[in-house]
Each structure stands twice: as structure tokens, then as C-alpha cells.
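Reading through the C-alpha cells given below for one structure.
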Amino acid sequence: MAWKKATPELIELLEEILPKDPRAERRKMFGYPCSFVNGNLWIGLHEHNLLLRLREQDRIEFLKQPEARPFEPMPGRPMREYVVAPQDLLEEPALLRRWVKRAFDYALSLPVKSLKAKARQPGKAPAKPAAPKAKARPTPKAGARLAKKKAVSRRSG
């Protein structure tokens with residue numbers, strides 16, 4: 001499934017509303033600009049949508065707005081705690097900034113994600129650990145040769 005690119009206007013809007021706080025780390029997710037705090041995604045773009053991560057009570061309130069909805073990067077696969085901002089909200093910068101602040105404050109309250117996940121190279125899946133090697137069992141013929149060899153070495157020793 002090919003995703004649509006975010007519009008330059010939406011990218012510009014995201015840059016304008018992101019806090020000028022050094023804890024708000026700018027990165028990409030799904031190939032779209034977003035921001036992380038302590039390793040946790042809290043705001044970003046996906047296609048033509050602005051998504052926010054909100055605590056439960058804020059999410060309930062947010063979803064009462066017309067056209068607000070839970071965020072699903074793929075149909076039927078919602079991302080828990082994330083919502084999509086309705087178009088009307090994107091056109092009201094003062095109100096949007098209040099929701100952005102709520103999302104940022106919530107992200108600051110989340111536990112720090114381990115550095116392990118951060119250490120892998122961007123865009124690459126983590127390496128799978130190698131399966132333990134099973135000890136090779138000798139075939140019946142090889143087992144017989146080994147037994148014969150041991151017997152010979154005992155006699156000569």
C-alpha cells in the first residue's frame with residue numbers, strides 16, 4: 001500500500017506548532033516528520049493527517065470534536081493513545097497549540113524508552129539472534145568408525 005505524501009503546508013504547520021523545547025526531538029516515522037520525547041512518539045504527520053498522543057481523559061474529550069478519530073496507519077490497526085486532528089482544528093492555531101501542549105505534557109510523563117531500541121540503525125529491522133546450533137549426532141556409520149578408532153587408540157596406548 002503506497003501512502004500519500006504530507007503536503008508542504010501540513011509539514012510547515014507541524015514545524016510551527018512544535019515546542020521550541022530541546023526535549024522535543026524531531027525525527028521521521030512512517031517516512032513523515034514527527035517528534036519524540038524520551039524516545040516516545042507524541043506528535044507527527046501521516047499522509048494528510050496530524051496525529052497526537054493523548055492521555056485517556058484528553059482523548060475522550062478530543063474525540064468529541066466533529067471529524068476527530070483514532071489514528072489507524074492501516075485500516076483496522078489503530079495505534080493506542082493516538083488521535084487524528086480534524087481539519088477544523090488545523091485551521092485554529094491557538095486551539096491546536098493547546099492540544100499540542102497536552103500531548104507534549106503527556107509525553108513528558110511517560111517512562112523513558114530504553115536506548116537499546118534507539119541504538120539500531122534507522123530504517124533497519126533489528127537483527128534476529130542466531131539460533132543455537134544443535135550438536136551434530138554421528139550417523140550410524142560414522143558412529144561405528146568413531147568407536148573403532150577409540151578401540152584402536154586404547155590398544156596402542
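The table below gives the values:
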read-out	value
Members of segment 101-135 found to be over 14 Å from F36 (Cβ atoms) and at pLDDT 95 or above, listed by number	K101, R102, D105, S109
L95, sole failed condition from (1) within 20 Å of the chain's Cα centre (by Cα); (2) surrounded by fewer than 17 Cβ atoms within 10 Å (Cβ to Cβ); (3) of a type outside the set (G, A, S)	(1)
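Okay, residues lined up against (1) touching a residue at least 40 places away in the same chain (Cβ under 8 Å); (2) surrounded by fewer than 17 Cβ atoms within 10 Å (Cβ to Cβ); (3) of a type in the set (V, I, T); (4) within 16 Å of R98 (Cβ to Cβ):
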| position | (1), (2), (3), (4) |
| --- | --- |
| L10 | yes, no, no, no |
| L13 | yes, no, no, yes |
| E47 | yes, yes, no, no |
| L52 | yes, no, no, yes |
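The values are calculated or read from the model by the stated rules, or taken from the named source; none is laboratory data. Please read all numbers here as calculations on a predicted model, not as lab measurements. Every residue, glycine as well, gets a Cβ built from its backbone with ideal geometry; the counts of neighbours run over all protein chains shown.
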